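The values are calculated or read from the model by the stated rules, or taken from the named source; none is laboratory data. Predicted, not measured: the structure shown is a model, and the values here were computed from it. No Cβ is skipped: glycine too gets one built from the backbone with ideal geometry, and neighbour counts run over all protein chains shown. Calculation scope for accessible area: heavy atoms of the full protein, side chains included, ligands and nucleic acids excluded. Shrake-Rupley method; radii C 1.70, N 1.55, O 1.52, S 1.80 Å.
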Amino acid sequence: MTTALQMQAADQGGMRRNNLALVLRLLHDKGPRSRAAVAVETGLNKATVSSLVAELIDRGLVREVGTSTERNGDAPRLGRPPTLLEIDGRNVACVGIEVNVDVIEVVVTDLAGRRVFEHVRPLDAAGHPPSRTMGSLTAVTRHALDAVHDRCPTVAGISVAVPGLIHAGDRAITFAPNLHWRDVDLGVRLATDLGINVPISIDNDANLSGLAEYRVGEFAGTPNLITVTGQTGVGGGIVVEGRLLRGASGFGGEVGHMHVLPDGPECGCGRRGCWEALVGLKSLLRRAVPDLAATLEADDSLGPDDKVARVVTRAQSSDAVTLAALHEHGRWLGDGVSILVNLFDPEAVVLGGFFRDIAPWVLPIADARLRELAIAPHARQCRLAASTLAFSSAALGGALHAAERVFDDPAVIDVRRT
Ligand SMILES: [Zn+2]
């Protein structure tokens, strides 16, 4: 039987963990500050803050750096200037991996978001069974963990981005049309293959790209922000009032399968006329470089950025076919974006993935189309911009997601042995 004293102890333990998280997140979000400033901004008393900071330092998550010039209004400073604290976590590896049709990308950051490892491996997932892609994923993950082990021996978590429907709270892929995967228990299989006891989560790639944009992109912190990512498919990360929209089952944000053209081209999902069948990578190559498209599609040594580079080269040399194709691409892009803007009324829509590379040609056309089709006066002020993040934004989002586990509960990281 649980006694009242035991319940009280559990409550206090829970409260302390919450307060550890509060202090760590403040230092992460607001940057270096003194213990006194942390006390003022969290509302905790100074003795509690000192104790919490001591524990965070013991866990290697916070460190002391220099002294502060913080002033208390115009009052003259008395005594020694206070010591500043900042996020440490240099020993903590946050692993983000993106598995896509033609590439696996991995980004490892430490807890402060410093990139410590990156790796890109071309892949041909569409032409092979899940077991082969699984083997590549395991090999890339193991390679990354080995590479960072000396610098970041503590793994906060591994978050894998996949272009498909991921059941909320699950580690299984329900359906990934462009990978031809259905009901693949990816999280459990990766944990078994790696043989390590590390938290692994699976998420939709566009959701993780959206998270990366919301946290570290040009429009970071924008409460209503939509990220549309062009890969083989087209995904959407929709942030509404500061929260990623997932829907009832976790399947929200499948913007690529909005039906926009009756009897349009066939989509990877098996239906016709989806938005991604009109603005995805395959359609871009077939429209903009028709003589090269079949060769590029078949070449599994090339990543998506290599393929799009062919389109960019032709556009830069003012090839008439390519320029006309990009104009049409921009119109279709604008049509889909206007539907999203009319539905969600965001402050900004960010175009990521390969849309970034063709932005100089398609963005002005898509933007004009958006102004034409957005219905609300405010919606017409919505910013449409190319992402400033690299191709690996989903992998970066995965690393940020893995770090969240520590920010939510710093006690998951053990106290360092000295
Ligand atoms: Zn579709």
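For this structure, a couple of remarks:
- Unique residue being exposed (fewer than 13 other Cβ atoms within 10 Å of the Cβ) and modelled with pLDDT of 85 or more when the list is P129, P153, P76: P153
- Residue within the stretch 273-283 that is at pLDDT 90 or above, in a loop (DSSP other than H, G, I, E, B), open to solvent by less than 10 Å² (accessible area, probe 1.4 Å) and near the ligand (Cβ under 10 Å from one of its atoms) present: yes
- Screening R314, R287, R310 for residues that are out of contact with any Phe, Trp or Tyr (no Cβ under 7 Å at 6 or more places or on another chain), charged (D, E, K, R) and closer than 28 Å to G253 by Cβ leaves exactly one candidate, R287.
- Residues that are open to solvent by 30 Å² or more (accessible area, probe 1.4 Å) and either in contact (Cβ under 8 Å) with a residue 24 or more places away in the chain or within 20 Å of E276 (Cβ to Cβ) (or both) within the stretch 208-223 comprise Y214, R215, V216, E218, P223, listed in sequence order.
- Filtered residues of the stretch 300-348 (kept if under 27 Å from the mean Cα position of the chain (by Cα) and not in a helix (DSSP H, G or I)): D300, S301, L302, G303, D345, P346, E347, A348
- Qualifying residue in the stretch 358-376 (condition: of a type in the set (D, E), open to solvent by 40 Å² or more (accessible area, probe 1.4 Å), in contact with a Cys (Cβ under 7 Å, 6 or more places away or on another chain) and modelled with pLDDT of 90 or more): no
- Among (1) open to solvent by less than 10 Å² (accessible area, probe 1.4 Å); (2) in contact with a strand residue (DSSP E or B) (Cβ under 8 Å, 6 or more places away or on another chain) - the single one R405 does not satisfy: (1)
- Qualifying residue in the stretch 299-312 (condition: at pLDDT 95 or above, open to solvent by 70 Å² or more (accessible area, probe 1.4 Å) and touching a Leu at 6+ places or on another chain (Cβ under 8 Å)): yes
- Condition met for A294 (at pLDDT below 95 and within 25 Å of L123 (Cα to Cα)): yes
- Count of the stretch 95-126 residues, restricted to those that are small (G, A, S), modelled with pLDDT under 95 and surrounded by 19 or more Cβ atoms within 10 Å (Cβ to Cβ), is 1.
- Filter pass, T192 being in a strand (DSSP E or B) and either away from the ligand (no atom under 14 Å from the Cβ) or in contact with a Gly (Cβ under 8 Å, 6 or more places away or on another chain) (or both): no
- Top-ranked residue in the stretch 236-269 [being part of a strand (DSSP E or B) and open to solvent by 60 Å² or more (accessible area, probe 1.4 Å); ranked as farthest from the ligand (Cβ to nearest atom)]: R243
- Subset of the stretch 201-218 (residues that are of a type in the set (D, E, K, R) and within 8 Å of the chain's Cα centre (by Cα)): D205, E213
- Unmet requirement for D345, which otherwise passes all of (1) on the phi > 0 side of the Ramachandran plot; (2) within 16 Å of the ligand (Cβ to nearest atom): (2)
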